[in-house]
1. Which ones in the range A:41-83 are more than 10 Å from ligand 1 (Cβ to nearest atom) and free of Cβ contacts under 8 Å to residues at least 60 places away in the same chain?
2. May I ask you to say which residue of A:VAL182, A:VAL149, A:VAL142, A:VAL222 is crowded, with 24+ Cβ neighbours inside 10 Å and in contact (Cβ under 8 Å) with a residue 60 or more places away in the chain?
3. Residue check: is A:GLU206 open to solvent by 10 Å² or more (accessible area, probe 1.4 Å), away from chain B (no Cβ under 14 Å), over 12 Å from the mean Cα position of the chain (by Cα) and more than 30 Å from A:SER40 (Cα to Cα)?
4. Out of curiosity, is B:ALA216 surrounded by 19 or more Cβ atoms within 10 Å (Cβ to Cβ) and touching a Pro at 6+ places or on another chain (Cβ under 6 Å)?
5. What are the residues in the range A:177-194 that are under 21 Å from A:ASP221 (Cβ atoms), more than 16 Å from ligand 2 (Cβ to nearest atom) and away from chain B (no Cβ under 12 Å), if any?
6. Please determine whether any residue of the range A:123-132 is without any contact (Cβ under 8 Å) to a residue 12 or more places away in the chain, more than 8 Å from chain B (Cβ to nearest Cβ) and open to solvent by 40 Å² or more (accessible area, probe 1.4 Å).
7. Output the number of residues of the range A:31-51 satisfying the condition of being out of contact with any Leu (no Cβ under 7 Å at 6 or more places or on another chain), open to solvent by less than 30 Å² (accessible area, probe 1.4 Å) and either over 11 Å from A:THR76 (Cβ atoms) or not assigned by TED's automatic domain parsing to the domain that holds A:ARG239 (or both).
8. For residues in the range A:145-198 being in a loop (DSSP other than H, G, I, E, B) and among the small types (Gly, Ala, Ser), which is modelled with the lowest pLDDT?
Amino acid sequence: MTSTALAPGSRETAPGPADAAPTARCTGPDGVHLTAVDRSFPAAQGRHEVLRGLDLELRSGEIVAVVGPSGCGKSTLLRLIAGLDRPSAGTIALGGTALVGTDERTAVAFQEPRRLPWRTLAQNVALGLPRGTGRAAGKERVAHLLRLVGLEHAAGLRPREVSGGMAQRASLARALARSPQVLLLDEPFGALDALTRLRMQDLLLEIHAAEPTTVLVVTHDVEEALYLADRVVQLRSLREAEPGARSLARTVEVPGARPRDRAARDLAALRAELLEGLGVHSPRPTTASFPTTSEDHS
Amino acid sequence: MSTATTSSPVGPAPSDAPVGGAASGAERTPLKDRAGARLLAGALLPLVILAAWQLVTSAGLVPAYRLPGPGAVLAAGADLAARGELWLHIAISVQRVLLGFAIGSVIGLAVAAIVGLSRAGDAQLSPTLAALRAVPSLAWVPLLILWLQIGEESKITLIAIGAFFPVFTTVAAALRHIDPHLVEAGRCFGLRGWSLFRTVQLPAVIPSVVSGLRLALAQAWLFLVAAELIASSMGLGFLLNDSQQNGRVDRILLTIVLLALLGSLTNALLGLAEKKLLRRWA
Ligand SMILES: Nc1ncnc2c1ncn2[C@@H]1O[C@H](COP(=O)(O)OP(=O)(O)OP(=O)(O)O)[C@@H](O)[C@H]1O
Ligand SMILES: [Mg+2]
């Protein structure tokens, strides 16, 4: 296994105007740029470091998947980009301007569905509409979204009356309601059965093809990451890493245009590599190693 | 780890049946029967007490000047009603309770919002409020009488103080313990200040508001009697005090029964509102 930590700034050749400003390089109107982001929490002794020295760029319209062991800070990263939390150090810029608090352009589907129990599913989805949406327009949009995620028959149900998978789909619909420019999904399909999960993955790709938003999707499923993403970002758990290590373990460019064949061989090789990075050892593919990391691409 | 090797399935969206929800309609036992049975069970003990009371008094086990029979108490009620006094006492007491309860609850809700939602409000107000709550209710009476005279204001203020604390305590605690995940989700979807309160925080504490109101109502009746016993010329508390001085045990018993009935009635009304609110918000 080769250690292929992405050196900061190695994507200087990214398309788009390469502005020289060090903090807020322009990554397109709805790109996200994290520079040297640290996040630590107060702990019993000292501070518990969760993210360290994280440089990450989400280019406009790109789908990036984040994988990593449980507790490595994937949700923390997502909350930082959503503006729900602030980095202990470093900067986060959205569309070229530094992020202050939550942003109208961003929408989140949380790891737990977080529905208001006294509202119906439709009313919960309506919560995601942009402020100031008209009543009729809002109603129509909610109905459309519920149809998209296959919940039109459940619109009037209360959250406690629906299954976990239905709740997650409602959560996805709520995040889509405002047609966000940056869509942040935290294990959006984790509670779905295998078949529904595949359908929802395709749905996400369809929506993305129709309206190319910037998507960050946290997942623990390497296959899902390889099926959905342009790039897969792997984080490491700082607890288990040697002192001083950075959070970013590697960045992998996924070859091939979407929709991808889930059984493609090059993906199988990548999959084995990512799994190995996560500490899961699978039989190595017999083919020669592929040019997989972004370093190899540049 | 799923090992999907098939190409992506395309087809109609998945259709799950709703979990629960629909089931409740099928297994409903006749509501009327249940309600009737409950009523009967609840009426049993009062009827037994009434019968025992009648037996004890008519057998002469206790002299009538100590414990008049149910009939005598009824007669005392009829006598007061005929003179037009009974309604006056009831009406003025109910008015005081409702006014004091309304004022105390509204202030209680407002202060609870300040203390429950803002850390600064909590730090600045909580110690003082805790100290005020520790003052026994009757300790306020002399001060209120001196400041507000023996008019309506002093009594309504005392009742409002009584209603304030249960509402304040329950609602402030509930606001402090709202699921932070829900508040964060609301914030993340652009809700701030009043809209966040209206959409997330208030609905989340509706059950606590209701139980706070019920406690406050009981407390309002308690403080009513305290206020009227000490300084008044009308009302049920006055009737108690007056009857004691005239040795009218029948009227004392009558007033106690009336207080029990009125308290239960107002509590039942609030219970109806509670049912409606909880169906909508819980
Ligand atoms: N508000 C907080 N206060 C203290 N510690 C926190 C807080 N939020 C997260 N952490 C810690 O940060 C670490 C990373 O948490 P995070 O939720 O980001 O993990 P994750 O990668 O999303 O894990 P999982 O895959 O299990 O969801 C955990 O050890 C957690 O205890
Ligand atoms: Mg997580």
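The values are calculated or read from the model by the stated rules, or taken from the named source; none is laboratory data. Keep in mind that what you see is a predicted model, and the values were worked out from it rather than measured. Backbone-built Cβ (ideal geometry, glycine too); neighbour counts: all protein chains shown. Remember, those area values only see protein heavy atoms, side chains included, never the ligands or the DNA or RNA. Shrake-Rupley method; radii C 1.70, N 1.55, O 1.52, S 1.80 Å.
1. A:ALA44, A:GLN45, A:GLY46, A:GLU57, A:GLY83
2. Step by step, each of A:VAL182, A:VAL149, A:VAL142, A:VAL222 is checked, and only A:VAL222 is crowded, with 24+ Cβ neighbours inside 10 Å and in contact (Cβ under 8 Å) with a residue 60 or more places away in the chain.
3. no
4. yes
5. A:LEU183
6. Yes, the range A:123-132 has at least one match.
7. Residues meeting the conditions: 1.
8. The residue in question is A:ALA191.
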